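*Asks:* Starting off with a structure, shown below.
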Amino acid sequence: MDKEFVKKHFVERFGCEGVAYASPGRINLIGEHTDYNGGFVFPGAVDKGMIMVIKPNGLDKVRAFAIDIDPKDEAPYVEFGLNEEDKPAEAWACYVFGVCREMQKRGVEVKGFDTAFAGDVPLGAGMSSSAALESVFAFALNEIYGEGKIDKFELARVGQSTEHNYTGCNCGIMDQFASVFGKAGCLMRLDCRSMEFEYFPFEPKGYRLVLVNTNVKHKLGDEYNQRRRSCEHVVEVLKPNYPGIETLRDVTWEMLEEAKALVPEVDYRRAKYVLGEKDRVLAVCDALEKGDYETVGAKMYETHWGMSKDYEVSCVELDFLAEVAKECGVTGCRVMGGGFGGCTINLVKDELYDNFVETAKAKFTAEFGHAPLVYDVVIGDGSRKLD
Ligand code: GLA
């Protein structure tokens, strides 16, 4: 991420200097589609993200420049007001607008500002470029207009509400949480029901984490929301008999079997994946404490095939990469993030790394006609001011 690059564009466009902020994308070791089910997740921020430069402009509108946007896709420069009816047409600008509105709803008097931003989290790769974008604006607006009065949990919720209310994705809290709270060298184990979390230093000796990007782009929307509804449906049908349950977090395997006759097969299968994933996250925590990476890896493969066959959020390219990883002796591999494209996350022994990366690139290219991109994972810091 290059701060000077964004600053230069800001000065060129607005003729003055602004202040720079950064927020990262994230990885997730395990615990996928568990966040909105009240379960555990295991994310970490990465060293890639969004850099944004901002300065109040004394007007009643935002003037925003998305440096990376190709004008063939959408207008990279947009102006919009700060009232509900001022929602811009450009998809990228809705994230910025949504954050402004959500901050206002929380009592922050956001006024007009100029901004330019750019990022190096690949879009649609399942590394949550959108959470990076939301978090960088939430963090900066809180400093500039809110005297820092909104706490970090609420800043994460600002991003999540932006997704719910302005982009149509009914996401959980994991991505925004990871972007705001990230810490170099640490994964975070977050209980999405209580929001308690702990930092978990992650330095697997002899192993590396590497992402392989299929370049199949995804935008989480209807498909994601449908999965969430299936989970909620299973909870609803069980409630009359178990009034205490709120999410799949509270549902046992026995209860799930009771629900089987009451819901469509697809809802049952999706809930089955989530219950399995709850168990896997706990098993992985346990294994990590013992330094047992073989178990961690085995659970990652289980997650992959659960996401593929039961939750149905994988795609042929991701399944192909999981198979190649297995053939190459990779310890763990699975689709990361919401799914429907994006990256696999791989836990690889140092000595197998070169062969795996080469083989994955060659086989994938032969099968699909384009090369996958490979990123070594570096676990970085969360939202912050840069100068
Ligand atoms: C997306 C959502 C998250 C989470 C993951 C799947 O990244 O934004 O809230 O549900 O998918 O684990």
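*Asks:* Scan region 127-170 for residues that are within 12 Å of the ligand (Cβ to nearest atom), assigned to a loop (DSSP other than H, G, I, E, B) and surrounded by fewer than 24 Cβ atoms within 10 Å (Cβ to Cβ) and jot them down.
*Replies:* Cys169, Asn170
*Asks:* If you go through region 303-324 one residue at a time, how many are touching a strand residue (DSSP E or B) at 6+ places or on another chain (Cβ under 8 Å), free of Cβ contacts under 8 Å to residues at least 60 places away in the same chain and assigned to a helix (DSSP H, G or I)?
*Replies:* Filtering region 303-324 for residues touching a strand residue (DSSP E or B) at 6+ places or on another chain (Cβ under 8 Å) gives 303-304, 307-308, 313-314, 318, 321-322.
Checking which are free of Cβ contacts under 8 Å to residues at least 60 places away in the same chain leaves us with 304, 308, 314, 322.
Those still in the list that are assigned to a helix (DSSP H, G or I) too: 304, 308, 322.
Here the count works out to 3.
*Asks:* So, in region 288-321, exactly how many residues are of a type in the set (A, V, I, L, M, F, W, C) and modelled with pLDDT under 95? I'd like the intermediate steps shown before the answer.
*Replies:* Initially, region 288-321 is screened for residues of a type in the set (A, V, I, L, M, F, W, C), giving 288, 296, 298, 300, 305, 307, 313, 315-316, 318, 320-321.
Of the ones still in play, those that are also modelled with pLDDT under 95 are 288.
Summing the residues that are of a type in the set (A, V, I, L, M, F, W, C) and modelled with pLDDT under 95 in region 288-321 gives 1.
*Asks:* In region 65-119, how many are of a type in the set (Ser, Thr, Tyr), under 19 Å from Gly18 (Cα atoms) and under 25 Å from the mean Cα position of the chain (by Cα)? Talk me through it step by step, then tell me what you get.
*Replies:* Within region 65-119, the first condition is being of a type in the set (Ser, Thr, Tyr), and the residues that meet it are 77, 95, 115.
This time we only want the ones that are under 19 Å from Gly18 (Cα atoms), so: 77, 115.
Applying the additional criterion that residues be under 25 Å from the mean Cα position of the chain (by Cα) yields 115.
The total comes to 1.
Residue by residue, here is whether (1) surrounded by 14 or more Cβ atoms within 10 Å (Cβ to Cβ); (2) touching an Asp or Glu at 6+ places or on another chain (Cβ under 7 Å); (3) in the same structural domain as Asp47 (by TED's automatic domain parsing) holds:
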| position | (1), (2), (3) |
| --- | --- |
| Val216 | yes, yes, no |
| Arg227 | yes, no, no |
| Val234 | yes, yes, no |
| Thr252 | no, no, no |
| Ala259 | yes, no, no |
| Tyr268 | yes, no, no |
| Ala287 | yes, no, no |
| Lys290 | no, no, no |
| Met307 | yes, yes, no |
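*Asks:* Here is a follow-up. Just to be sure, is Cys186 near the ligand (Cβ under 9 Å from one of its atoms) and hydrophobic (A, V, I, L, M, F, W, C)?
*Replies:* No.
*Asks:* Only one of Arg208, Arg269, Arg229 is of a type in the set (Lys, Arg), outside any loop (DSSP other than H, G, I, E, B) and touching a strand residue (DSSP E or B) at 6+ places or on another chain (Cβ under 7 Å). Can you tell me which?
*Replies:* Values: Arg269 fails: touching a strand residue (DSSP E or B) at 6+ places or on another chain (Cβ under 7 Å); Arg229 fails: touching a strand residue (DSSP E or B) at 6+ places or on another chain (Cβ under 7 Å).
Answer to the selection: Arg208.
*Asks:* Can you pull out every residue in region 353-384 that is buried (at least 18 other Cβ atoms within 10 Å of the Cβ) and aliphatic (A, V, I, L, M)?
*Replies:* Scanning region 353-384 gives Val357, Ala360, Val377, Ile379.
*Asks:* Return yes when Gln176 is within 11 Å of the ligand (Cβ to nearest atom), in contact (Cβ under 8 Å) with a residue 40 or more places away in the chain, of a type in the set (S, T, N, Q) and buried (at least 23 other Cβ atoms within 10 Å of the Cβ) and no when it is not. It would help to see each step written out before you state the result.
*Replies:* Details: within 11 Å of the ligand (Cβ to nearest atom): yes; in contact (Cβ under 8 Å) with a residue 40 or more places away in the chain: yes; of a type in the set (S, T, N, Q): yes; buried (at least 23 other Cβ atoms within 10 Å of the Cβ): yes.
Criteria met by Gln176.
*Asks:* Hey, another quick one. Say whether the condition of being within 16 Å of the ligand (Cβ to nearest atom) and free of Cβ contacts under 8 Å to residues at least 40 places away in the same chain is met by at least one residue in region 91-111.
*Replies:* no
The values are calculated or read from the model by the stated rules, or taken from the named source; none is laboratory data. Computed from a predicted model, the values in this text were never measured in an experiment. As a convention, Cβ positions derive from the backbone with ideal geometry for all residues, glycine included, and neighbour counts pool all protein chains shown.
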